[in-house]
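Every number here is computed from the coordinates shown, using simple stated rules; none is lab data. From a predicted model like this one, the values you see are computed outputs, not experimental measurements. We place every Cβ from the backbone using ideal geometry, glycine too, and count neighbours over all the protein chains shown.
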Amino acid sequence: MNLAALRSEFPLLGRTENGKRLCYVDSAATAQKPQVVLDAVRRYYVEDNANVYRGVYALAARATQDYEDARADVAALVNAEPEEIIFTRGTTESLNLLARSYGELVLGPGTNVVTSPAEHHSNLLPWQQVALGRGAELRFVELGEDGQVTPEAVAAVVDQGTRVIAVAHVSNVLGTVTDVARIAEIAHAAGAVLVVDGAQSVPHMPIDVKALGVDFLAFSGHKMCGPTGIGALYGRKELLGRMPPVYFGGEMIEEVTLTGATFKEAPYRFEGGTPNVAGAVGMGAAARFLMSIGLEEIHRRDVELANMAADGLRRIEGVRVYGPTGHRESGVVTFNIDGVHAHDVATALDADGVCVRAGHHCCQPLMRRLGATSTARASFYLYNDADDVQQLLAAVAAAKEFFRRVAG
Amino acid sequence: MNLAALRSEFPLLGRTENGKRLCYVDSAATAQKPQVVLDAVRRYYVEDNANVYRGVYALAARATQDYEDARADVAALVNAEPEEIIFTRGTTESLNLLARSYGELVLGPGTNVVTSPAEHHSNLLPWQQVALGRGAELRFVELGEDGQVTPEAVAAVVDQGTRVIAVAHVSNVLGTVTDVARIAEIAHAAGAVLVVDGAQSVPHMPIDVKALGVDFLAFSGHKMCGPTGIGALYGRKELLGRMPPVYFGGEMIEEVTLTGATFKEAPYRFEGGTPNVAGAVGMGAAARFLMSIGLEEIHRRDVELANMAADGLRRIEGVRVYGPTGHRESGVVTFNIDGVHAHDVATALDADGVCVRAGHHCCQPLMRRLGATSTARASFYLYNDADDVQQLLAAVAAAKEFFRRVAG
Amino acid sequence: MSLDDVYRQVVMDHYQNPRHHGHLAHPTLSVGLHNPSCGDELHLDVLVDEDGVVRDAAFEGQGCSISMAAASMFVDRVRGKKIAEARRIAETFKDLLRRREADRSVLGDLEALEGVSQFPARVKCATLIMNAFEQAIDRIQAEGGDPK
Amino acid sequence: MSLDDVYRQVVMDHYQNPRHHGHLAHPTLSVGLHNPSCGDELHLDVLVDEDGVVRDAAFEGQGCSISMAAASMFVDRVRGKKIAEARRIAETFKDLLRRREADRSVLGDLEALEGVSQFPARVKCATLIMNAFEQAIDRIQAEGGDPK
Ligand SMILES: Cc1ncc(COP(=O)(O)O)c(C=O)c1O
Ligand SMILES: Cc1ncc(COP(=O)(O)O)c(C=O)c1O
């Protein structure tokens, strides 16, 4: 599919904002949705909607089949088995579920969880809180030159007490890519498991959980062109099989008495209550959509645009670009204009139709390290093109001039 | 709106199944969706989709406004304040969140939670597990004649150690309606709070949390014509303000350091991670839709059809109807055909286009009391009509004849 | 989709007069399985000898006509068969219900349940006994060393 | 929607030369507020006398031009005013930004921020100082008995 045709699959991208062409470069926050995803959700409601598992009638059987087909599609995206995929609301819930369930199993005094100061709050707080609760230690990896998490730095803090290593695959602030395959080896050599926050990687690059050797992988539907309110936790089968449920009621049970209960096997025991069936159907459709374009191709495009943008931004005097100084490996570019608060930058860009995020990006500890309370971030995805980069660069240059003038 | 026009708002209801008119009488499991809800969700994705709270640009401001408008619409449905509504995945998550958070605050040795043996697993297991975990007692109310939970029976087991009373407003098996206003008085007199499982009441009757005096109310979007994957927990403001978050990451924080964190106020502190924005928008649209028809009117129709169905079923020899022997107050009718397993009944009905649920309805303890491992359940909603009742009755009569014949 | 295709006379006969209903005095292994979506229960005893032959089997439970009839038919069919053969019967039956190609000749009475494939939600009723059996055999082979 | 409407000269002047920046020696109360969506911080000291007059106020913080300018303007405006009057100024300003009817005459320099209403996501930046002030006054009135 050529790029123009691809863009036309996304109804929102055709809009204008403030009379300007919409330049949506905030896909790291959430991605726009292609027609096939919207249609899959609608088709589900109009043809098959019923409660899953519970019904004996044909409609309910179709709904159940749709839900399980979606699980298989999401599994295929990361080369997992369908029964290794738990549907959740998103990355944050996946990581909370995991920290609570697996944390309960393995954490206690004398043990530790290794993570990094560059993590999104969603991969920091669940571990911080479970470690606090269970008297385990939370250890931090020293960040490398460009802010990346290196296998060497991980190895330096891992010891025999380490039970969990939890790191992001791609940083949502710096855009750095972590070598999770080598960190998996370090984890396994220490008898620990590797938890990967895949919120920014699964939508953007080919992932093979088996080849990488990751034990758990969390990701969100809404960042991969799927609906809001749906996400997944991949867990290696043997591990899921040992984990207690954290969430009770509905179809996750086997037998219930007034005083106790037994639970279904994974992944069902983790999916209490009526699931987000339409959301799962949409996420499955998004997975197929991404695979049909090819994750290699998507990654190639992200990287090309991000490097173009970073180079262009660096050429604007008074603009500071964060993250890798050399070649970028992901679609995320974070920057600031000297002397102008990122919020003011984002407002100026908004007036030009350019959507960037400004703030701490849910990474307050990392921001403190960067010495910034706030940064602006552009992030690219498969539907972005060179025009988006040009529009961004022109808007940043104009914003710089504007604030220079009014600060006169 | 007349009934034919109303039915035509629901695209799925126009379908045929196995060449038969679709008779969908399983709305207690999940409701069908009107066009206005599907359109609201689509409009959100096509016009306003962005991550909420986080963005400075206009698109993100609209997404945030849509989300907060939805909260206000859902609040209006039960006469709550917007900030008293926490968005969750559904009733099950609402009750789990509550049991964990509020349970942590008030439960311990010497305290007890009062509930009933007629509860859905989603209102039993969270309390059972938190009570087990915190060394509190789980107490059960003695069910009345028709299986109902009476204020007198509640008062008989409540004492000064009671911290929480948790009951369903409408039973999903028996269709009985609980007098929650009087139980709220009993709760408050004992210094306890009343938690109401409103999964089967909020979609079907006028609810005013202030007039009823309930402290917490849990309900699901998908059972009130809204999308899957969204629901709500209402909590009285003072109570929510005291509750700790149970779920960490994303926009629920105020300040995060490597070793600790502070959290936003309610309801935001309970909504970690990117929320189900499109789901909330759909649930808000569903709330407006129900209010535009009138909850009184919806309740009246449910009750009329359920009584018609119950009377008709009782007239079929060999059919047993459970629940109230007199006038029914809700749209739920549970039954069995003598000597035929409920699953076989549901399959026979399915062949005639009739969708009923068969099983334990997530109420194993109650089923044990009824002396049945499985029952069939028909449940009515605003889009059902007298034809649905007739189709159901004819199919049940035919099923009875069929199994009598093949059992030779 | 027709009810008569599912509730054949032989099915109802097995339901009403289950073969090998009850318990074995000295089973090699017992398994209890739930069909959580309906609350049905199934208990299976199997006796396997050193040559890997299913010497005897018996079941008990509560459930719909399809699950009980399938249990009766399956237990009847695999008694006296080698484990490998019994497994093949289970697999063949599952294939049949999922509308895949299947060698009906090994199925005996079980073939009468083919109509269940028209009712996808009921397939798990019909295959509950096979799941119990496969679990039992897996555990016997894992624990006792492979008795073939 | 125009940037010039927001970033007026007087706004940039308050941003670059904030009035009453710093701390009071003996505040009646201090509050710290976060704007969690951007990580901005604001610290406000207020000194209220027995007659319910805001004798003095000072702020400090890190944030965007809008939040800092609004803080400077607001603190400047309410110094010497009765609490009730100060509250009215805060409410009037919020109404203005939400495009409700508002009596501009009480606002002074704050009126220059009207253009922020075109950028709904920025309204919370402009009103952060009012929220801090209202919190401080609520707590002073709750704790110390109503000083009017
Ligand atoms: C009374 C009752 N409580 C709780 C639930 C659980 O609702 P959900 O599955 O939407 O979480 C249901 C519905 O299944 C119900 O009927
Ligand atoms: C690296 C990273 N982890 C976790 C998350 C949280 O994802 P969600 O908000 O979908 O739960 C995000 C996105 O905000 C992210 O970028």
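Among the lysines, select those whose C-alpha is under 16 Å from the C-alpha of A:K33, and discard any that sit fewer than 8 residues away in the same chain.
Result set, ordered by chain and number: A:K223.
Run the simple label-point estimate for B:L132 and B:A156 please: 7 Å along Cα→C-beta, distance reported in nm.
2.8 nm
Which one, B:A346, B:H169, B:S94, is farthest towards the positive end of the dipole of the protein assembly as shown when Lys and Arg carry +1 and Asp and Glu -1 on their Cβ?
It is B:A346, whose Cα lies furthest towards the positive end.
Quick one: dipole size for the protein assembly as shown, taken about the Cα centre, charges +1 on Lys/Arg Cβ and -1 on Asp/Glu Cβ, in debye to the nearest 20.
Once rounded to the nearest 20, the dipole reads 640 debye.
Remind me, relative contact order of the range D:3-142 in percent, using alpha carbon pairs under 8 angstrom and six or more residues apart?
Answer for the range D:3-142 is 27 percent.
If you project the alpha carbons of the range B:37-292 onto the principal axes, what extent comes out on each, in Å, largest first?
Dimensions of the range B:37-292 along the principal axes of its Cα atoms: 57, 48, 27 Å.
If r is the Cβ-Cβ distance from C:A142 to B:D39 and R0 is 51 Å, what FRET efficiency results, to the nearest 0.05?
Plugging the Cβ-Cβ distance into 1/(1 + (r/R0)^6) gives 0.40.
What order, most packed first, do the peptides B:274-283, B:97-106 have when packing is the mean number of other Cβ atoms within 10 Å of each residue? Let's see the in-between values first.
Working: B:274-283: 30.3, B:97-106: 21.9.
Order by mean packing, descending: B:274-283, B:97-106.
Let me know the whole percent of all Cα-Cα pairs from the protein assembly as shown that are separated by more than 51 Å.
Every Cα pair in the protein assembly as shown considered, those over 51 Å come to 26 percent.
List every residue whose amide H lies under 5 Å from the amide H of A:G231, counting only residues 5 or more places away in sequence or on a different chain, with H placed 1.01 Å from N in the peptide plane.
Here the answer is A:T88, A:R89, A:G90, A:G221, since their amide H atoms fall under 5 Å of that of A:G231.
Once phi is turned into θ = phi - 60°, what whole-Hz ³J(HN,Hα) does the Karplus curve with 6.51, -1.76 and 1.60 give for every residue of the range A:250-266, x standing for Gly and Pro?
Listing the rounded values in order: x, 7, 8, 9, 10, 9, 10, 10, 5, 10, x, 7, 10, 10, 5, 7, 5 Hz.
Put the label 7 Å from Cα along Cα→Cβ for D:A84; what are its distances to the other copies, in nanometres, shortest first?
Relative to the other copies, D:A84 has label-point distances of 9.7 nm.
For the residue pair C:D4 and C:D95, what label-to-label distance in nm results when each label sits 7 Å from Cα along the Cα-to-beta-carbon direction?
Once both label points are built, they end up 3.0 nm from each other.
Which value, in debye to the nearest 20, gives the size of the charge dipole of chain A about its Cα centre, when Lys and Arg are +1 and Asp and Glu are -1 at the Cβ?
760 debye
Could you give me the percent of Cα pairs per 10 Å distance bin for the range B:24-68, shortest bin first, beginning at zero and ending with the bin that holds the maximum distance?
Pairs per bin, as whole percents: 26, 35, 22, 14, 2.
Once you keep just the Cα pairs under 8 angstrom separated by 6 or more residues, what percentage relative contact order results for chain B? If you can, show how the numbers build up before the last one.
On the way: 840 pairs, mean separation 86.8, N = 408.
Relative contact order here is 21 percent.
Could you point to the residue in A:H327, A:H188, C:Q141 farthest towards the positive end of the protein assembly as shown's charge dipole, with +1 and -1 charges on the Cβ of Lys/Arg and Asp/Glu respectively?
Of the listed residues, the answer is A:H327.
Within 10 Å of each Cβ in peptide B:113-120, how many partner chain Cβ atoms are there on average? Round it to a whole number, please.
Other-chain Cβ atoms within 10 Å of each residue's Cβ, averaged: 1.
Can you check what the net charge comes to around A:T91, using other residues whose Cβ is under 14 Å from the Cβ of A:T91 (Lys, Arg +1; Asp, Glu -1)? Can you show the working numbers first?
Values: positive: A:R89, A:K223; negative: A:E93, A:E119, A:D197, B:E251.
The answer is -2.
Name the shape class, rounded, prolate or oblate, that the alpha-carbon gyration tensor gives for the range B:322-373, where a ≥ b ≥ c are the square roots of its eigenvalues, rounded holds for a/c under 1.5, and otherwise prolate holds if a/b is larger than b/c and oblate otherwise.
Oblate, because a/c is 1.5 or more while a/b does not exceed b/c.
So what's the back-of-envelope 222 nm ellipticity for chain A, counting only DSSP H runs of four-plus at -39500 (n - 2.57) apiece and dividing by all residues, rounded to 500?
Helix-only estimate at 222 nm: -13000 deg cm²/dmol.
Treat the range C:3-142 as a sphere of radius equal to its Kirkwood radius over Cα pairs and apply Stokes-Einstein at 37 °C in a medium of 0.692 mPa s; give the translational diffusion coefficient in µm²/s, rounded to a whole number. Write out the running numbers ahead of the final one.
Values: Rh = 14.8 Å.
Reported coefficient: 222 µm²/s.
Taking each label point as 7 Å beyond Cα in the direction of the beta carbon, state the distances from A:M291 to the same residue in the other copies, shortest first, in nm.
Listed shortest first, these distances are 4.3 nm.
Would you please put D:116-129, A:387-400 in order of how densely packed they are, using the mean number of other Cβ atoms within 10 angstrom per residue and starting with the highest?
Highest to lowest by the protection proxy: D:116-129, A:387-400.
Quote the FRET efficiency, to the nearest 0.05, computed for D:R88 versus A:A407 with a Förster distance R0 of 22 Å and r equal to the Cβ-Cβ distance.
0.10
For the range B:310-327, in order, what is each residue's ³J(HN,Hα) by Karplus, 6.51 cos²θ - 1.76 cosθ + 1.60 with θ = phi - 60°, in whole Hz (x at glycine and Pro)?
Whole-Hz 3J(HN,Hα) from phi for the range B:310-327: 4, 4, x, 5, 4, 6, 7, 5, x, 10, 10, 10, 9, x, x, 7, x, 5.
Packing-wise, with mean Cβ within 10 Å as the measure, how do A:107-113, C:16-22, A:267-273, A:304-310 rank, highest first?
On the way: A:107-113: 17.1, C:16-22: 14.6, A:267-273: 24.4, A:304-310: 22.4.
Top to bottom by mean Cβ count within 10 Å: A:267-273, A:304-310, A:107-113, C:16-22.
Cross-link list A:K210/C:K94; A:K210/A:K237; B:K210/B:K264: which exceed 20 angstrom alpha carbon to alpha carbon?
Going by Cα-Cα distance, A:K210/C:K94; B:K210/B:K264 fall outside the 20 Å limit.
Which Rg and Dmax, in Å, describe the Cα atoms of the range B:121-194?
12.2, 33
Any idea what the B:Q35 label distances to the other copies are, label 7 Å down the Cα→Cβ vector, nm, shortest first?
Taking the point 7 Å beyond Cα along Cα→Cβ, the inter-copy spacings are 2.1 nm.
Residue by residue through A:22-29, how many Cβ atoms from other chains fall within 10 Å of the Cβ on average? All intermediate terms of the calculation are to be shown ahead of the outcome.
Details: counts 3, 0, 4, 0, 8, 1, 1, 7.
Neighbouring Cβ atoms belonging to other protein chains average 3 per residue here.
Share of Cα-Cα pairs in the range A:244-390 beyond 24 Å, in percent?
Cα-Cα pairs in the range A:244-390 separated by more than 24 Å: 54 percent.
Which chain A residue puts its Cβ closest to the axis that rotates A onto B, and at what distance in whole Å?
Closest Cβ on chain A to the axis mapping it onto B, in Å: A:G229, 2.
Could you tally the net charge around B:E152, taking each other residue with its Cβ under 13 Å from the Cβ of B:E152, Lys/Arg +1 and Asp/Glu -1?
Summing Lys/Arg as +1 and Asp/Glu as -1 gives -3.
How long, wide and thick is the range A:83-210, going by the Cα atoms along their three principal axes, in whole angstroms, largest first?
Answer, in whole Å and largest first: 37, 34, 26 Å.
Just tell me how shielded B:4-16 is by partners: mean number of partner chain Cβ atoms within 10 Å of each residue's Cβ, no decimals.
Partner Cβ neighbours, averaged per residue: 2.
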